[in-house]
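Here's the structure we're looking at; comments come further down.
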Amino acid sequence: MSNKKLMIVDDSPAIHLIIEKAAKANGYDVCAHAKNGDEAVKKFELVMPDVVTMDITMPIKDGLTASKEILAKYPDAKILMLSAMGDEKLIDEAKSIGISRFVRKPFKGEDIIKEINDIIME
Amino acid sequence: MDFSSIFNNSIKEAFEGMFDETITLERETSAPGWISSKGVAVIIGITGEKKGRVLLDMPLDTALKLSARIDPGLNDEDSALFTAAEFCNIAAGGAITEINNKYEKIALRLATPSIFAGTNSKIFSPNLKAVLLSYNTRFGKIDFHIGFEGA
């Protein structure tokens, strides 16, 4: 069975590194990196990842807008939202566009892997 | 609204969560209308019902040590600047989340961070009433200036 493909979307190199290390150690193939929502939308279509970790606050295009665009075209896309913010209004907004999983920053690599494993199993 | 204690708690949580280290509040004072940067400054705008900004200031050496603390591979200046920005973003995000959840009528949001590098560059923030939170860490001193319009 081939490894599941993961795309990491965040404007912070440190977050890319934390997730990539944990993902590779747990058998995931990190197939793409994007540092803003615009890159994420474009790269998603090229690599068709099994899971996307998506930051919210990013330059050029934020993670909620990018997720909305991806989910409009690919409703089965699995997107794990990551953010420093996690108030009820923001979570409601994420749910309204079809995102069910949300992780607050800061996080450890193992926290992300647990969430990625769970979203894959859905 | 006691914004400074909310920010103080969030700054501590963010620092401990990101770097597995303790951070100690050394002093809390009214902030001047401008700062002379220690080397790395990150500014994040606050939008919504109350407008303001969070400004993080630290020496480049501190930012480099913090970045390498996350991973020894993150030992270059760009990584240090982005790590400082992420720390500021997480600290500000936690505080804004707490404020939004606590005060139903407030829905604050954060802008993307702006990063400035260079010692002695002056940053002015007119029309803001700001508080200065100065911290000690084993990597060096870190300042947060938190200001709101008409606070």
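The values are calculated or read from the model by the stated rules, or taken from the named source; none is laboratory data. Since this is a predicted model, take the numbers as computed values, not measurements. Every residue, glycine among them, receives a Cβ derived from its backbone with ideal geometry; neighbour counts consider all protein chains shown.
So the values come out like this:
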item: Matching residues, the range A:97-117, being closer than 20 Å to B:G93 by Cβ and assigned to a helix (DSSP H, G or I); result: A:G109, A:D111, A:I112, A:E115
item: Tally, over the range A:25-56, of residues that are out of contact with any strand residue (DSSP E or B) (no Cβ under 6 Å at 6 or more places or on another chain) and polar (S, T, N, Q); result: 2
item: All positions within the range B:112-148 that are under 15 Å from B:A41 (Cα atoms) and among the hydrophobic types (A, V, I, L, M, F, W, C); result: B:I115, B:F116, B:A117, B:I123, B:F124, B:L132, B:L133, B:I142, B:F144, B:I146
item: In the range B:1-44, residue nearest to B:I106 (Cα to Cα) [restricted to those that are among the aliphatic types (A, V, I, L, M) and assigned to a helix (DSSP H, G or I)]; result: B:I6
item: Some residue of the range B:39-60 being surrounded by fewer than 20 Cβ atoms within 10 Å (Cβ to Cβ), closer than 26 Å to B:P126 by Cβ and among the hydrophobic types (A, V, I, L, M, F, W, C); result: yes
item: Output for the range B:84-139, where each listed residue is outside any helix (DSSP H, G or I) and within 9 Å of chain A (Cβ to nearest Cβ); result: B:A107, B:L108, B:R109, B:L110, B:A111, B:T112, B:P113
item: Selection count, the range B:74-83, where residues are in a loop (DSSP other than H, G, I, E, B) and among the hydrophobic types (A, V, I, L, M, F, W, C); result: 1
item: Among residues of the range A:30-44, those that are in contact (Cβ under 8 Å) with a residue 24 or more places away in the chain and either part of a helix (DSSP H, G or I) or among the small types (G, A, S) (or both), counted; result: 9
item: Positions within the range A:65-90 being farther than 24 Å from A:Y28 by Cα and surrounded by fewer than 21 Cβ atoms within 10 Å (Cβ to Cβ), in sequence order; result: A:T65, A:K68, A:E69, A:A72, A:K73, A:E88, A:K89
item: Search result, residues across the range A:52-86 that are assigned to a strand (DSSP E or B), free of Cβ contacts under 8 Å to residues at least 60 places away in the same chain and within 14 Å of chain B (Cβ to nearest Cβ); result: A:D55, A:M81, A:S83
item: Filter result for A:P59 (out of contact with any Gly (no Cβ under 8 Å at 6 or more places or on another chain) and within 18 Å of A:E122 (Cβ to Cβ)); result: no
item: Where B:E86 falls short, out of the listed (1) at pLDDT 90 or above; (2) surrounded by fewer than 22 Cβ atoms within 10 Å (Cβ to Cβ); result: (2)
item: Where a residue in the range A:109-122 is free of Cβ contacts under 8 Å to residues at least 12 places away in the same chain and its partner, wherever it lies, is in a helix (DSSP H, G or I) and hydrophobic (A, V, I, L, M, F, W, C), with Cβ under 9 Å and at least six apart; result: A:D111/A:A22
item: Count of the range B:70-79 residues which are more than 10 Å from every other protein chain (Cβ to nearest Cβ) and touching a residue at least 24 places away in the same chain (Cβ under 8 Å); result: 1
item: Residue check, B:K105 within 18 Å of B:G17 (Cα to Cα) and either touching a residue at least 24 places away in the same chain (Cβ under 8 Å) or more than 13 Å from the chain's Cα centre (by Cα) (or both); result: no
item: Among the candidates A:E115, A:E88, residue that is closer than 21 Å to A:N3 by Cα and not β-branched (V, I, T); result: A:E115
